[in-house]
Structures are given as C-alpha cells and as structure tokens.
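Just below is one structure, and these are the notes that go with it.
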Amino acid sequence: MAAAVWTDRGTRAKNLLWILMGSRSNHTALKPCYDALVIGGGHNGLVAAAYLQKGGVKTAVLERRHVLGGAAVTEEIFPGFHFSRCSYLLSLLRPHIYRDLELKKHGLKVYMRDPHSFTPMLEEGMKGAVPRSLTLGSDLAENLNEIGKFSQKDAKAYPDFVAHLEKLASAIRPLLDSPPVDIRGVTAGSLRKRLAATKTLIPIAKLGLKLGGNIPDFYEIVTAPIMKILTRWFDSEPLRATLATDGVIGAMTSPSNPGSGYVLLHHVMGELEKEKGAWGYVEGGMGGLSQAIARAAQSYGVDVFTEKNVEQILVGSDGATKGVALKDGTEIHSKVVLSNATPYATFKYLTSKGALSEEFIKAVEQVDYTSPVTKINVALDKLPNFLASPTPDDKPGPHHQCSIHLNCENMDILEAAYKDAINGRPSARPMLEMTIPSVLDPTLAPPGCHVVSLFTQFTPYHIKGREWTQQDREDFGDTIFDWVEQYAPGFKTSVVGREILSPPDLEKIFGLTGGNIFHGSMSLDQLYLARPLPSLSDYRSPIKGLYLCGSGCHPGGGVMGSPGWNAALTVISDLKRR
C-alpha cells in the first residue's frame, strides 16, 4: 500500500503533507518530562491537548502511526487518489471548539452538501421512464415534492416530523458539551464539595426544562426501535428505510431493535456553518480536520509526535501515574496521562495488570464493541452514472454529492442484512452508504477521476466463528460491487483500485476495538452516566492521574472534540486542586 504522501495540489495539500510528517515537521525534540501526555493523535486527543495547553498545562501528543488523526485521516492508497480512509463525513464537530481553536484560520475548509441524501430504487421504469429515487436536502418544498412521488400523506407529515426531531435534538445538545452528572461528588464528601458538584446537574436540569411536556416523546425515541417511530409517522417504505439508515449506521442493530431511535437522534444533533443537521466534506479529506486541530494545538505550544508507540502507562508505588514507556524503551514522565485509545485498549493493553482490580478488568471486558462495518475505499476513472438519475458526459449531478443509499428500498432489506451478520456471515444484500467527495473537492483525485467511500453493513467480526481471510474480503467486495453495478451500470469497469477494511482490519489499523467506529456501542447501557462504565463516566480512571479522552467517553463516537474537551476541563480542574 502506498504511503500517505501528497502530490503538490496547492497550499492546502502542502500543509497536509507537513502535518502528516509528524515529529519531523515539528522540529521539536521529545522532552523527558511534561505536565500531560496524550496517548493517540486522533481528533479528540488533539482537542484535549489544545485545551490543556491553553490552560497552562505543558502537553505532548504521542501517536503510534506515521499519520495524525486516528480514524480521521487522509491517506494516498493508490497513486494520485487520496482517501478519508476511515471516518469520511463531518458534522458533529462542536461549534465552540471550531471557534475556540480558530480552525478556519488553521486551514479547515468544509464543502457543504445540498442535497444530502439520495436513495435510488431498483425497479423497472414505467413506459420508458427512469426508475424512481428519493432525494432530500435543505429545501423543504423540494423535499415534499420528492416524498410526494411515493406518498402525499407522507409529504404532509414530513415537516412536522423534522420539527419534532429538531425540538428533541436542540434540547439534548447542551449535554454534548458537558460532563455527566458528578454522582460521587453530589452524594459524598464535605458540604462544600457537594455544593460544588451540584453545578454538574445544571445541563440535565436544562434538558428537562427545555423538553417540558415533550419528555415522554424524548424517552420514547431514545428507547424505542426506530421502526416503531417511523411507522407511526410514514407509510412509504423508501422514506422509512432512508431515515432508518441514520438509526443503524455504525451499529450492530436493526430498525426493529430497541434503542435504534437514539442513534437516529444522535446523528441529527450535528451542525455545520450554523446549519442544523448538516454534513459536509473536509477539503483534503478528513485528515484536513486533524491537520487544523494539530496546527491549533501546536500554535499554543503542544508538542505533537508521530511514530511514538506507547507500550505501557507507568504507575508509581503510590498508585498514581507517572508517565509512559514507549516500545523503544524511552520513558517520558508526566503528572497526568490522557488516553485517546479505547477503554478496552487502555486498561487491557496499556496498563499494568497489577494496577487495576480483577473486578474492574472484568467490567471493562463486558463493554460492547460489536461492529457491523466493512469500509471499502474505491478509486474510479469515471463518475458513477445511476439509472435512477442519469447524467450525460460524466458530469456530476446534485445527487452525486449526497450520501447515496443503496439497498435501502424498504425496511425488510435492512432487517435481512442485519440477520445475516448476527448469524455469522456477511450480508448477501448489504446496506450501502456511498459518498463521492471528489465531486466537490478536486484535490482528492486526478482530473476526471474520483474517490468513492462505501460504508457497508452488516458484516461480523468473525465469519462463522473463524477469522476473515483475504478471499473473504475479496468475495464480499465482489458482492458489494455487484449490487452497485445494478444501480449504476459500468461501475465495475471504472474501478482503478479498491481497499476492503473488515472489522478486524479497522481494529488493527486504527486501534478501533472490535472495529467499532464509536469506541464502543452507542447502546442505552453505554451512554451518559454509563459510558463506558458507571465508574468511568467522569473521564477519571481508578489510577490517579490517568484519564480517558476518546470517543469511548461521553458523549460518544462521532461528536468530534467533545470527549477531548470535557476530559481536558476535568484534568485542569483536578490539577488546580492538587
């Protein structure tokens, strides 16, 4: 596989090369001692480091790979083709982080998508007409026209549904930017400490006040199957299935499983450029986001290093962390350590066994990291041309910039795909989300060519109890391409190269335990006060001075920067009390 080396496509491409070179471009030697060390240069680790440094805490970031960003990276997999290799869309980056770190000044540019969703049908056109499709965007009137092709009743209901979701999402957004309630602080210790901890009750109180009479609706959507919610609102299967994809994306669950309603709500809570629920492409790929955060952090004085593989978190005789040891034997000392690795990797692999109780380790082992995702990155020499919305002369249409939902004509297809995976086999007819960011961002591919991301579900971590083979990957890739070909004939002949990343590959390359993109399932038993465990919901670990700052913490995966921000504020507060 090609290394992540960028061709010269202008200033931004050169800037990305600069940050991907890591410590060599930092021109800073690794010091023997820091106030804080952050394990992992993913976006949450970088955000945590930036805020720590702004708070006067001398900080270094240690990334094991040759490229910063964790799952938010850009890599050149095939010559001239640059991919958002894992994470591929931006929305849930919190606005205050965007402002505080001046990410626009540090090079972050986002291409907004409108429309944002395209669901073509596999059906015979009537009297020579093209097959139908459903396209949704920010234009409500146009959305109603599109939905009306399938159901006028649904078109009338849709504005109320959108308003209903936004009402619930707007109430819960403040929880994203605050640590969970400090239960221990509120219930134990001196009166002064208890009173101080009561401030953590404010966000949850605001949630209740804002919801008011909608509390039952909120309770229902976070606990119910998304199928129940959507069936109440709508009749047409294409609309139901399209909306249901946001309820199961990245999760080993089906629309009929309880809790899938929350996943939908989680994905509509984002915003970009003050547009609620919007998603966009980062210029230069998702590595452009990591680049901007890293530059902001470095501008405050953070030392950022790549190819620094942490082998163990050092714990002193007093039971407190005292730094880390790298695989090359180098020891770096610090007052605190923040781990951007998954909770499982942090406590099972990076922490010495004697430092934690057997009971705690047993609890860590029970955290669910099941993943349904196989990510396929594809280089093409021409743009896909969809039967449901053909475009002449290889020219992109508005639908090409969307999340393109294939095999989403009805809920039964999604259910069947899920059942295949829980029975130990890759889906025969997988749910596919295709994106083509090069339609808006010309820096990603050679002229006339394109990069395609296929986010596919459902695939198990083990196939019938055994490990994936290369033949399994190729067979599943062939299945995916056969389905895409039915929607866009000629797709297979346009393929220049493909990379197939099964759940074990996502784990090995990006450190995602189980291949789970959220650092742990976003199920109700692993949210808020229980994320990742009740004893870890405040970012502090049982080891004094060791904290979690990744997506395995509240508010979870996809909410870019919030876990790192919340963790940094917790660390700064603790250091002030020392």
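The values are calculated or read from the model by the stated rules, or taken from the named source; none is laboratory data. What you see is a predicted model, and the numbers here were worked out from it, not measured in a lab. For neighbour counting, all protein chains shown are included, and Cβ atoms are generated from backbone atoms with ideal geometry for every residue, glycine included. Remember, those area values only see protein heavy atoms, side chains included, never the ligands or the DNA or RNA. Shrake-Rupley method; radii C 1.70, N 1.55, O 1.52, S 1.80 Å.
Which residues, counting only those in the range 312-334, are under 16 Å from residue 349 (Cα atoms) and surrounded by 15 or more Cβ atoms within 10 Å (Cβ to Cβ)?
Matches in the range 312-334: 312, 313, 314, 315, 321, 323, 324, 325, 326.
Given the conditions (1) assigned to a helix (DSSP H, G or I); (2) basic (Lys, Arg); (3) more than 25 Å from residue 349 (Cβ to Cβ), report the number of the one that residue 498 does not fulfil.
For residue 498, the exception is condition (1).
Here is a list: 482, 505. Which entry is more than 24 Å from the chain's Cα centre (by Cα), surrounded by fewer than 21 Cβ atoms within 10 Å (Cβ to Cβ) and not in a strand (DSSP E or B)?
482
Being more than 25 Å from the chain's Cα centre (by Cα), closer than 25 Å to residue 551 by Cα and in a loop (DSSP other than H, G, I, E, B) is the filter here; which residues of the range 176-229 pass it?
182
When the residues of the range 78-102 are narrowed to those that are at pLDDT 95 or above and of a type in the set (A, V, I, L, M, F, W, C), which ends up nearest to residue 307 (Cα to Cα)?
Ranking the qualifying residues of the range 78-102, first place goes to 86.
Can you name the residue in the range 299-326 that is part of a loop (DSSP other than H, G, I, E, B), closer than 29 Å to residue 533 by Cα and of a type in the set (D, E, K, R) and, of all such residues, is modelled with the lowest pLDDT?
318
Only one of these conditions is not met by residue 529: (1) closer than 22 Å to residue 311 by Cα; (2) at pLDDT below 95. Which number is it?
Residue 529 satisfies every listed condition except (1).
Residues of the range 335-386 being open to solvent by less than 20 Å² (accessible area, probe 1.4 Å), part of a strand (DSSP E or B) and over 15 Å from residue 512 (Cα atoms), which ones?
336, 337, 338, 351, 376, 377, 378, 379, 380
When you look at residue 139, is it within 25 Å of residue 201 (Cβ to Cβ), modelled with pLDDT under 95 and open to solvent by 20 Å² or more (accessible area, probe 1.4 Å), yes or no?
It is false that residue 139 is within 25 Å of residue 201 (Cβ to Cβ), modelled with pLDDT under 95 and open to solvent by 20 Å² or more (accessible area, probe 1.4 Å).
Please work out if residue 162 is open to solvent by 40 Å² or more (accessible area, probe 1.4 Å), touching a residue at least 12 places away in the same chain (Cβ under 8 Å), out of contact with any strand residue (DSSP E or B) (no Cβ under 7 Å at 6 or more places or on another chain) and aliphatic (A, V, I, L, M).
yes
Can you confirm whether residue 465 is modelled with pLDDT of 95 or more and of a type in the set (Gly, Ala, Ser)?
Numbers: modelled with pLDDT of 95 or more: no; of a type in the set (Gly, Ala, Ser): yes.
Considered against the rule, which asks whether it is modelled with pLDDT of 95 or more and of a type in the set (Gly, Ala, Ser), residue 465 comes out as no.
Looking at this structure, is residue 473 over 26 Å from residue 81 (Cα atoms) and either open to solvent by 60 Å² or more (accessible area, probe 1.4 Å) or assigned to a helix (DSSP H, G or I) (or both)? Break it down stepwise before answering.
Values: over 26 Å from residue 81 (Cα atoms): no; either open to solvent by 60 Å² or more (accessible area, probe 1.4 Å) or assigned to a helix (DSSP H, G or I) (or both): yes.
Spelling it out, it is not the case that residue 473 is over 26 Å from residue 81 (Cα atoms) and either open to solvent by 60 Å² or more (accessible area, probe 1.4 Å) or assigned to a helix (DSSP H, G or I) (or both).
Can you tell me which residues in the range 515-531 are of a type outside the set (S, T, N, Q) and open to solvent by less than 10 Å² (accessible area, probe 1.4 Å)?
Matches in the range 515-531: 515, 520, 531.
Keeping to the range 111-132, report how many residues are at pLDDT 90 or above and either exposed (fewer than 14 other Cβ atoms within 10 Å of the Cβ) or not in a strand (DSSP E or B) (or both).
Counting residues in the range 111-132 that are at pLDDT 90 or above and either exposed (fewer than 14 other Cβ atoms within 10 Å of the Cβ) or not in a strand (DSSP E or B) (or both) gives 8.
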